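Asker: Pasting in a structure now, in structure tokens, and then I'll have a few things to ask.
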Amino acid sequence: MSFINENYLELQDSYLFSTIAKKVEEYKTKNPDKEIIKMGIGDVTRPIVPSIIEAMHKAVDEMQDEVTFRGYGPEQGYEFLREKISKYDYKDRGVDINPDEIFVSDGSKCDVANILDILGDKNKVAITDPVYPVYLDTNVMIGTAGKYNEEKGMYENVVYIPIKAENNFVPELPKEKVDLIYLCLPNNPTGTVLNKEELKKWVDYAKENKSLILFDSAYERYITEENIPHSIYEIEGAKDVAIEFRSFSKTAGFTGVRCAYTVVPKELKSITSKNEEISLNKLWSRRMSTKFNGVSYITQRAAESVYSKEGQKQIKENIDYYMQNARIIREGLSKAGFTCYGGVNAPYIWLKVPKGLTSWEFFDKLLNEKQIVGTPGVGFGPSGEGYFRLTAFGTRENTIKAMERMQK
Ligand code: MLT
């Protein structure tokens, strides 16, 4: 007889984006002649830019030569990439992060989930609500979330911090003491941000309460306004209290290529049940060297080329393209009479669903009547009920077409 991890039985339905994909497939089968516009999962549509493709081709060629062929790489990532990340993403922006604090991986989704391997199941967890569903689901899997309360749509042991139009999408500090805090900024799904003063309050809270912030900044390249931190380490003292997750997926179109990195500062410590302080950098390194064999050489060369002059220029063109889409969506929705948020510092637009409909009912209505796929707000947490997310990652043509359909 073998046993299962029963925490999995506490998970609700299937993973949000899988449920949506299934519903869309069903609709397609029943309506093969209808043209569907997908604005649900935040998947990019612009092809990888030429300078990155060139770097990949070069790396492929190296693999066919006996001298330049590479086998297993370092589990933490090649030095050439970690050095570039340290210099361009941090040091040049006045943040002191060294290559040995950077761990290259195949995605932020995995890192955000895997970090619980080293943090264990004794933490009191706080998440902003709504938020990227992986934070909650992975805590359910490890057993820190507790039982699901159907009526409230919440897990008993999780502290939910609402972010809503009513509080201007600024989360309030938890009233009780929590150990782990997930912050996603710019926020997925609301597309909203915190300025430096607001983010500082979280760092101060974490210092006072000896909490650890898990800071997901996958969308930082989409920030267009001043005084919005791109990294939590721009806040003084954050290296003592935060792990940061970054990804090339939305920055350089790597959703299919797979490359990301996680910053675990040397200063960062958590405690054992006997109150001994343990370095998280060491623990994460141990975890990665045991459970991970590194990202492919070809992919890491591709990621390295993101930092070249040409690479930077070309990926910025794609980011600008998506942000133009975001503007088209915001304006189109406003014209159609919707109240919407986000889309200025993030590729997500968060809109209020018409009165009297739940966010899943609105999903069905949009799919059936307009053939547009979005993401129901409640899928990101109970405070997301009454809202709906559209992504700006589509093609220009489809974005315009979708807005025309919304206005009809
Ligand atoms: C989203 O749509 O929220 C994201 O694309 C999902 C992800 O990055 O895993």
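Asker: Find the residue count for the stretch 183-220, including only residues that are closer than 21 Å to Tyr387 by Cα, in contact with a Leu (Cβ under 8 Å, 6 or more places away or on another chain) and not in a loop (DSSP other than H, G, I, E, B).
Answerer: Adding up the residues that qualify gives 1.
Asker: So, of the residues in the stretch 234-249 that are surrounded by fewer than 24 Cβ atoms within 10 Å (Cβ to Cβ) and farther than 20 Å from Leu180 by Cβ, which turns out to be farthest from the ligand (Cβ to nearest atom)?
Answerer: Going through the qualifying residues, I end up with Glu236.
Asker: If you go through the stretch 367-382 one residue at a time, how many are assigned to a helix (DSSP H, G or I) and either within 16 Å of the ligand (Cβ to nearest atom) or not assigned by TED's automatic domain parsing to the domain that holds Tyr15 (or both)?
Answerer: So the answer is 4.
Asker: Kindly evaluate Gly42 against the criterion of being on the phi > 0 side of the Ramachandran plot and either out of contact with any strand residue (DSSP E or B) (no Cβ under 9 Å at 6 or more places or on another chain) or not in a helix (DSSP H, G or I) (or both).
Answerer: When the stated conditions are applied, Gly42 does not pass them.
Asker: Residues of the stretch 351-385 being over 24 Å from Thr45 (Cα atoms), among the hydrophobic types (A, V, I, L, M, F, W, C) and touching a residue at least 12 places away in the same chain (Cβ under 8 Å), which ones?
Answerer: Residues satisfying the conditions are Val353, Trp360, Phe362, Val378.
Asker: Restricting to the stretch 149-160, what's the tally of residues that are surrounded by fewer than 19 Cβ atoms within 10 Å (Cβ to Cβ) and either touching a helix residue (DSSP H, G or I) at 6+ places or on another chain (Cβ under 9 Å) or charged (D, E, K, R) (or both)?
Answerer: Of the residues in that region, 6 qualify.
Asker: While we're looking at this one, here's another question. Just need a number here: residues in the stretch 161-198 that are more than 16 Å from the chain's Cα centre (by Cα), buried (at least 20 other Cβ atoms within 10 Å of the Cβ) and under 23 Å from Leu119 (Cα atoms).
Answerer: 3
Asker: Name the residues in the stretch 171-182 that are part of a loop (DSSP other than H, G, I, E, B) and either of a type in the set (Val, Ile, Thr) or in contact (Cβ under 8 Å) with a residue 12 or more places away in the chain (or both), would you?
Answerer: Residues satisfying the conditions are Pro171, Leu173, Pro174, Glu176, Lys177, Val178, Asp179.
Asker: Mind checking whether some residue in the stretch 87-99 is buried (at least 19 other Cβ atoms within 10 Å of the Cβ), within 14 Å of the ligand (Cβ to nearest atom), in contact (Cβ under 8 Å) with a residue 40 or more places away in the chain and in a helix (DSSP H, G or I)?
Answerer: Scanning the stretch 87-99 turns up no residue that is buried (at least 19 other Cβ atoms within 10 Å of the Cβ), within 14 Å of the ligand (Cβ to nearest atom), in contact (Cβ under 8 Å) with a residue 40 or more places away in the chain and in a helix (DSSP H, G or I).
Asker: Among the residues of the stretch 100-156, which ones are within 14 Å of the ligand (Cβ to nearest atom), part of a helix (DSSP H, G or I) and of a type in the set (A, V, I, L, M, F, W, C)?
Answerer: Scanning the stretch 100-156 gives Cys110, Val112, Ala113, Val134, Leu136.
Asker: Could you list, ordered by first residue, the pairs with Cβ atoms under 6 Å in which the first is in the stretch 255-275 and within 26 Å of Val295 (Cα to Cα) and the second is assigned to a loop (DSSP other than H, G, I, E, B), at least 6 apart or interchain?
Answerer: Matching pairs, first to second residue: Thr255/Asp43; Thr255/Val44; Arg258/Asp106; Arg258/Gly107; Cys259/Phe248; Cys259/Val295; Ala260/Gly107; Val263/Ile97.
Asker: Could you please tell me which pairs satisfy a Cβ distance under 6 Å, a separation of 6+ or placement on different chains, a first residue in the stretch 386-399 that is assigned by TED's automatic domain parsing to the domain that holds Trp350 and within 16 Å of Gln371 (Cβ to Cβ), and a second residue that is away from the ligand (no atom under 16 Å from the Cβ) and assigned to a helix (DSSP H, G or I)?
Answerer: Final answer for the pair search is Phe388/Phe362; Thr399/Ile328.
Asker: Related question: From the list Glu10, Glu35, pick out the single residue that is touching a Phe, Trp or Tyr at 6+ places or on another chain (Cβ under 9 Å) and more than 16 Å from the ligand (Cβ to nearest atom). Walk me through it before giving the result.
Answerer: Numbers: Glu35 fails: touching a Phe, Trp or Tyr at 6+ places or on another chain (Cβ under 9 Å).
Going through Glu10, Glu35 in turn, the sole match is Glu10.
Asker: For the list (1) in contact with a helix residue (DSSP H, G or I) (Cβ under 7 Å, 6 or more places away or on another chain); (2) away from the ligand (no atom under 16 Å from the Cβ), I need the number of the one condition that Ile223 fails.
Answerer: (1)
Asker: If Leu16 passes every condition in (1) aliphatic (A, V, I, L, M); (2) within 16 Å of the ligand (Cβ to nearest atom); (3) closer than 20 Å to Asp106 by Cα but one, which one does it miss?
Answerer: Of the numbered conditions (1) aliphatic (A, V, I, L, M); (2) within 16 Å of the ligand (Cβ to nearest atom); (3) closer than 20 Å to Asp106 by Cα, the odd one out for Leu16 is (3).
The values are calculated or read from the model by the stated rules, or taken from the named source; none is laboratory data. Owing to the predicted nature of the structure, the values given are computational and were not obtained by experimental measurement. Please note: Cβ atoms are built from the backbone with ideal geometry, for glycine as well, and neighbour counts cover all protein chains shown.
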